[in-house]
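Trainee: Before we start, here is the structure in question, set down as structure tokens.
No lab work stands behind these numbers, since they all come straight from the coordinates. Just so you know, these numbers come straight off a predicted model, no measurement behind them. Cβ placement follows ideal geometry from the backbone for every residue including glycine, while neighbour counts extend to all protein chains displayed.
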Amino acid sequence: MPFNQKPQKFNAQINTVTIGSGEKAVTLGGGSTFPFYTFDAPAENAPKVGVEITDMGLEGMSAGIKAYYDGAATMGEIAKKASEMEGADFVALYLEGGDPNGADKSVDELIAIVNEVAAAVDCPLVVEGCKNVEKDAELLPKVAEALQGKNVLILAEKEENYKAIGAAAGLAYNQIVGAESAVDINLAKQLNVVTTQLGVDAKKIVMNVGTACAGYGYEYVASTMDRIKGAALSQNDAMLQMPIITPVASETWSVKEAMASEADMPEWGPQDERGIDMEIMTAAADLAAGSDAVILRHPQSVATISKMIKELV
Amino acid sequence: MAKFVTIGERIHCISPVIREAMATRNPEPILKRAKEQLDAGATYLDVNIGPAENDGEDLMKWAVKLLQENFDNVPLALDTANKKAIEAGISVYNRAKGKPIVNSADAGGRIENIDLAAANDAIVIALCSAEGIPSDNDERMMYCQNMLERGMGLGMDPQDLWFDPLFLVVKGMQDKQMQVLEAIKMFSDMGLNSTGGLSNNSNGMPKHIRPIMDSALVAMCMMQGLTSAIVNPCDLRLMETIKSCDVFKDNTLYADSYLEI
Amino acid sequence: MALNGIQIFKMTPKKNCKECGCPTCMAFSMKVAQGAMDISACPHMSQEALDALSEATAPPMKTIKVGTGDAEYSLGGETVLFRHEKTFVSKTRYAVKLDCCMDAAAVDAKIEEIKKVDYERIGERMFVEMINVAYCGEHKDNFLDIVKKANETGRILVLDCEDADVAAEALAVCAANKPILNGANASNYEAMSKVATDAGVVLGVSGKDLNELYDTVAALEKSGNKNLVLDVTGASVKEAFGNAVQVRRASVKDQDRTFGYPSIVNLTKVAAGDKYMQAALASVFTMKYGSIVVMDQMTYAEALPIYGLRQNVFTDPQKPMKVEPGIYPLNGADENSLCLTTVDFALTYFVVSGELERSGVPCNLLISDAGGLSVLTAWAAGKLSSSTVAKFIQEEVEPKVKCRKLVIPGKVAVLKGDIEAKLPGWEIIVGPREAVQLVKFLKDMQA
């Protein structure tokens, strides 16, 4: 008696959202199964991999990452190299220098970098704010304005600033809106509801539902994504059917396991290897839980995760 | 658990406007009522064309196509005593948003509607009565068993028989209300789906009282495990109660704006 | 797993004879489902139905034990597909692979590498719990030598061997430590099952596809061997993932007990020679349903993330993850370095210690017992109060640390006065409300 396969069919699907334009545009979402459950239904759009660069250049990057960008002197050159990385589907520019508690760069200064990067790459672009809610409310609408017509993903509006960012990105300048909540399903849903109530098309929203490094409370991430995908598919909850993007790199490259030098922790071995594996393993877990796109930094991580996705779909 | 399924009852030939529109094949009044109900949060729409002995097949096809083409293949409950009309409706029905519902079979003269549903891979509302009102829950469950066996014998998934305990009017049968609630619990314990004309409870009550009674009853029924009801979705209080109960039952994720979606 | 009324009803004779005292078979079925009546009250149930019923009330997925003594582990026994539904119970175990084509030096080096990773994280010892020893069919003596060496490490062995005679010889060496004999398939399962049962060890079963695996498991069960694990590896990454998920889903969701066993996924086969891909997949199969994951290596680079991930995914939502109370010196802190305190909730500890490390400022992180709760919850529950902090400082910190400056979490700024009153000689400083503000806070403090 053969095994009685029972495919799990859902009468619902994740929205498809396209970022960028032209032949390099990427489309996220569209599936109607749990991640990589190709035995239930063929995959629609494979998850995508983005390469993160920051306005701070290569400051603080690991040796392996610096080596990859060797010779790139300007932000434009860095961006171009990022877009050429094996396995890269898009480039994510993280404007971390805008943080008032950090370098506190001015909006004008950052917009100049945004323009330089946008001009240097022909792949889709994601722009991440500095994470300070007040600064982002000022900065991200300007980013959306500067990149009109490029259909970029703006990461991200939060509960505190969705009106300014959502309206600018989603309505005034017709970009894709990233809605960020920190591992809180009710807030993830609420943010989608209020963003659509602003008039933003639900199919122009991508969620960042938060992540953590493997080992750092990752169970909350896994359960948040499991429950969001579950509600989107089995409860056909239209306010949770937005694809999920997860900026992995900024989390994984700031924990001890990835940052401690080999001199400080000799038994742990080379720092680059630890950083790569932390990035790879966290990204793989995010994808298994439901991310439709991940943002990484190290060329080895990008190549490996991109290859893994190809093998799984 | 899946979200509570509301079946909007307002496309009914008992309404003079709808009857007229059906007779003259005038789309406007029907589309208007459909839109109102969908905007209010109905999942399924019931299409009652009455006995329709003469042109039932043609009328049901027309109504199914009209509604599905205008409202993104909205799922429908086909409601008529004319079996041929139901089959005709199913023949043009698009299942993208859910199987058609045959409304309805009972354990008496209309038991063959189960066969019809089985033959057409449809859901059937199975009224737990043969003639008149069942005297107690033993009788209800006997009917339930008969219909379940018949459906399963024909290869139906038990989940596709939605059992109707037969809601009773409070004014006159107040002492039987708990029985209905207990019957729902029994269906639920069996893992079965259930539905019914819940607002029957408040028949004959003043207009402003009815939403209050209906809301209270739907909350109690959902606690007992009722999975669906045939209701007027334009009753705001009732719909708010259903949405709130869906949150408590973890059928839908809470968000501060949950009533607005 | 309890049956609902309808599942029991399907097995009744449906005669409505009333001999059980119920008006209908359906009413009877419901009472049985609720536990109000016993199935034996029906005189007409067939033996077949009774057997099916007892089978159906058994757990959907068996718990299989491997190893002995301290190194005894449970595999399987899961009841849900998603951890939020209840909890996952048996952690994924990782095995590092040795094979009979390796020479002695390579084997020794690998064993040394395996032993190197051994540390503690939030009360859990992290190390390579299993070693996979593979027999290719040719180097029998070498295989037996490696089995012996690997067995001496005390780690549980997973023997990949499809030759029943060689397997018997290998088990003669290591059976006492309760390894897994992984090598039964459609053509050799009878012989392999005999070897495994004679030695009292778990048998690993594989098949060229899920149907063949299913049939082989059914045949093994029929012969009386239910001490199994299923090698779901398959020919590709995609197949392995599909198999692992479908086997788990069939058992837990669809109650198909033939597939109700733990799984083995061998990454050295589907991602041969690619350590990064193996790392990525180890993570995927930790999330989704690998009971044993076989890899080529487990150095600190793989171990730090994967054991952390496993600890998270398999944590019981009912029990908070706690770190040990104590003094944690960071960035080369000594007895004169600044003190900061927070609660023992693992997530709080990691976030706070991470930010402190990022600041580069030498400091002592003082963790007191707060019941594993977060700062505000612990405060509300009375587990983080001026008395708990003062007591901890006096008993544990004052004898060891000379600095008398203590930073408390901004969320419990209200405690400042009381702590000062209870700890004469200490300067109490209110820190930021969120850990992310710590770097700037410390920088400002130094300025």
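Trainee: Over 18 Å between C-alpha atoms is what I'm after, so list which of A:105/C:440; A:6/C:62; C:208/C:238; C:97/C:148; B:249/C:288 land there.
Mentor: Over 18 Å Cα-Cα: A:6/C:62; B:249/C:288.
Trainee: Taking other Cβ within 10 Å of each residue's Cβ, how do C:345, C:314 sort, fewest first?
Mentor: C:314, C:345
Trainee: A further question follows. Looking at the stretch B:1-63, which GluC sites (Glu not before Pro) are DSSP coil and have at most 12 other C-beta atoms within 10 Å of their C-beta?
Mentor: B:53
Trainee: Pairwise over distinct Cα atoms, reciprocal of the mean inverse distance: report the Kirkwood radius of the stretch A:169-250 in Å, one decimal place.
Mentor: Answer for the stretch A:169-250: a Kirkwood hydrodynamic radius of 13.0 Å.
Trainee: Right, next: What percentage of all Cα-Cα pairs in chain A are separated by more than 28 Å?
Mentor: Cα-Cα pairs in chain A separated by more than 28 Å: 35 percent.
Trainee: With the alpha-carbon atoms as the only input, what is the per residue convex hull volume for the stretch C:193-338 in Å³? Intermediate results must be reported in sequence, preceding the final value.
Mentor: Working: hull volume 25.7 nm³, N = 146.
Spread over its residues, the Cα hull of the stretch C:193-338 gives 176 Å³ apiece.
Trainee: Classify the stretch B:5-260: rounded, prolate or oblate, from the alpha-carbon gyration tensor (a ≥ b ≥ c, eigenvalue square roots; a/c under 1.5 rounded; otherwise prolate if a/b is larger than b/c)?
Mentor: Working: a/c = 1.44, a/b = 1.11, b/c = 1.29.
Note, shape of the stretch B:5-260 comes out rounded.
Trainee: Sticking with this structure for a sec: Which value in deg cm²/dmol, rounded to the nearest 500, describes the helix-derived mean residue ellipticity at 222 nm for the protein assembly as shown, given -39,500 (n - 2.57) per DSSP H run of n ≥ 4 and division by the residue count?
Mentor: It lands at -12000 deg cm²/dmol.
Trainee: Arrange the following residues from fewest to most other Cβ atoms within 10 Å of their Cβ: A:201, C:99.
Mentor: Working: A:201 15, C:99 19.
Going from least to most buried by this count: A:201, C:99.
Trainee: Which order results if A:37, B:44 are arranged by neighbouring Cβ count within 10 Å, fewest first?
Mentor: Ranked by crowding around the Cβ, least crowded first: A:37, B:44.
Trainee: So, one more: Sequence-distant or interchain residues sharing an amide H contact under 5 Å with residue C:338, placed H: which?
Mentor: Placed amide hydrogens put C:364 under 5 Å from residue C:338.
Trainee: Need one number: % antiparallel among DSSP beta bridges in chain C, to the nearest 5. Working shown, then result.
Mentor: Numbers: 14 of 54 bridges.
Just about 25 percent of them are antiparallel.
Trainee: Moving on to the next point. If you average the C-alpha positions of the stretch B:75-113 and of the stretch A:73-117 separately, how far apart do those two centres end up, in angstrom?
Mentor: With the stretch B:75-113 and the stretch A:73-117 each reduced to a Cα centre, they are spaced 60 Å.
Trainee: How large is the Rg to Rh ratio of the stretch C:153-257 when both quantities use alpha carbon positions and Rh follows Kirkwood?
Mentor: Computed over Cα atoms, the ratio is 0.98.
Trainee: Using alpha carbons only, how many angstrom separate the centre of the stretch C:359-403 from the centre of the stretch B:1-59?
Mentor: 67 Å
Trainee: Among the aspartates and glutamates, select those whose C-alpha is under 17 Å from the C-alpha of residue C:15, and discard any that sit fewer than 8 residues away in the same chain.
Mentor: B:138, B:139, B:149
Trainee: Any idea which of C:56, C:206, C:228 is furthest toward the positive side of the dipole for the protein assembly as shown, if Lys and Arg beta-carbons carry +1 and Asp and Glu beta-carbons -1?
Mentor: Farthest towards the positive pole: C:56.
Trainee: What does the stretch C:326-446 give for Rg and for Dmax, in Å, if only its C-alpha atoms count?
Mentor: Taking only Cα atoms of the stretch C:326-446, I get Rg and Dmax of 12.8, 34 Å.
Trainee: Could I ask something else about it? Can you bin every Cα-Cα distance in the protein assembly as shown into 20 Å intervals starting at zero and give me the percent of pairs per bin, rounded to whole numbers?
Mentor: The distribution over the protein assembly as shown is 12, 36, 36, 16, 1, given as percents.
Trainee: Relative to the compact globular guide of 2.2 N^0.38 Å, what is the alpha carbon radius of gyration of the stretch B:62-198, as a ratio?
Mentor: Computed over Cα atoms of the stretch B:62-198, the ratio equals 1.08.
Trainee: Which shape class, rounded, prolate or oblate, goes with chain C when its Cα gyration tensor gives a ≥ b ≥ c as root eigenvalues, a/c under 1.5 marks rounded, and past that a/b bigger than b/c marks prolate?
Mentor: oblate
Trainee: Relative to 2.2 N^0.38 Å, what does the C-alpha radius of gyration of the stretch A:82-139 come to as a ratio? Two decimals please.
Mentor: On the way: Rg = 12.2 Å, N = 58, 2.2 N^0.38 = 10.3 Å.
Relative to the 2.2 N^0.38 Å estimate, the stretch A:82-139 comes out at 1.19.
Trainee: What's the percent breakdown of Cα-Cα distances in the stretch A:3-112 across 10 Å bins, shortest bin first?
Mentor: Taking every Cα pair in the stretch A:3-112, the percentages come to 12, 31, 26, 19, 10, 3, 0.
Trainee: Taking only the Cα atoms of the stretch C:63-313, how large is their convex hull per residue, in Å³?
Mentor: Values: hull volume 28.7 nm³, N = 251.
Hull volume normalised by residue count: 114 Å³.
Trainee: Right, here's the next one. If I model the stretch C:173-229 as equal point scatterers sitting on the Cα atoms and use the Debye formula, what is log10 I(q)/I(0) at q = 0.16, 0.17, 0.18, 0.26 Å⁻¹?
Mentor: Once normalised to I(0) and log-transformed, intensities are -0.41, -0.46, -0.51, -0.99.
Trainee: Per 10 Å bin, what percent of the C-alpha pairs of the stretch B:30-84 does each bin hold, from zero upward?
Mentor: So the P(r) values, bin by bin, are 24, 54, 21, 1.
Trainee: May I ask for the angle, rounded to the nearest 10°, between helix C:275-287 and the longest principal axis of chain C, with both axes built from Cα atoms and the value confined to 0 to 90°?
Mentor: That works out to roughly 80 degrees.
Trainee: Output the Kirkwood hydrodynamic radius of the stretch C:24-136, Cα pairs only, in Å rounded to one decimal. It would help to have the intermediate numbers written out before the result.
Mentor: Values: mean 1/r = 0.0525 Å⁻¹.
Value: 19.0 Å, from the Cα pair sum.
Trainee: Number of Lys pairs in the stretch A:177-305 with C-alpha atoms less than 25 angstrom apart, excluding same-chain neighbours closer than eight positions?
Mentor: Close lysine pairs under the 25 Å cut-off: 5.
Trainee: So for the protein assembly as shown: antiparallel DSSP bridges make up what percent, rounded to the nearest 5?
Mentor: So the antiparallel bridges in the protein assembly as shown amount to around 15 percent.
Trainee: If you take every DSSP beta bridge whose two residues both sit in chain A, what share of them, in percent to the nearest 5, is antiparallel?
Mentor: Of all bridge pairs located within chain A, approximately 15 percent are antiparallel.
Trainee: To continue, here is another question. Averaged over every viewing direction, what's the projected area of the C-alpha convex hull for the stretch A:199-313? Give it in nm², one decimal, please. Present the calculation step by step, with values, prior to reporting the outcome.
Mentor: On the way: hull surface 32.8 nm².
Average of the hull's projected areas for the stretch A:199-313 equals 8.2 nm².
Trainee: Principal axis extents for the stretch A:96-171, Cα atoms only, whole Å, descending order, please.
Mentor: Principal axes ranked by extent give 31, 28, 16 Å for the Cα atoms.
Trainee: Around residue A:48, which amide H atoms from residues at least 5 apart in sequence, or from another chain, sit under 5 Å from its own amide H, with H modelled in the peptide plane?
Mentor: It is A:293, A:294, by chain and number.
Trainee: Determine by what factor the alpha-carbon radius of gyration of the stretch B:164-252 differs from 2.2 N^0.38 Å, reporting the quotient. Walk me through the intermediate numbers first.
Mentor: Values: Rg = 12.4 Å, N = 89, 2.2 N^0.38 = 12.1 Å.
Ratio of Rg to 2.2 N^0.38 Å for the stretch B:164-252: 1.02.
Trainee: Could you list which residues have their amide H under 5 Å from that of residue C:202, counting only those 5 or more apart in sequence or on another chain, with H placed in the peptide plane?
Mentor: Excluding prolines and chain starts, which carry no amide H, the hits are C:181.
Trainee: About its Cα centre, what dipole magnitude does chain C give when the only charges are +1 on Lys and Arg Cβ and -1 on Asp and Glu Cβ, stated in debye to the nearest 20?
Mentor: So the magnitude is around 1720 debye.
Trainee: Dipole of the stretch B:5-260 (Lys/Arg Cβ +1, Asp/Glu Cβ -1, origin at the Cα centre): which of B:177, B:251, B:52 lies farthest to the positive side?
Mentor: With unit charges placed on the Cβ atoms, the residue in question is B:52.
Trainee: Per the Kirkwood treatment, what hydrodynamic radius in Å, one decimal, follows for the stretch C:107-201 from the mean inverse distance over all distinct Cα pairs?
Mentor: 14.0 Å
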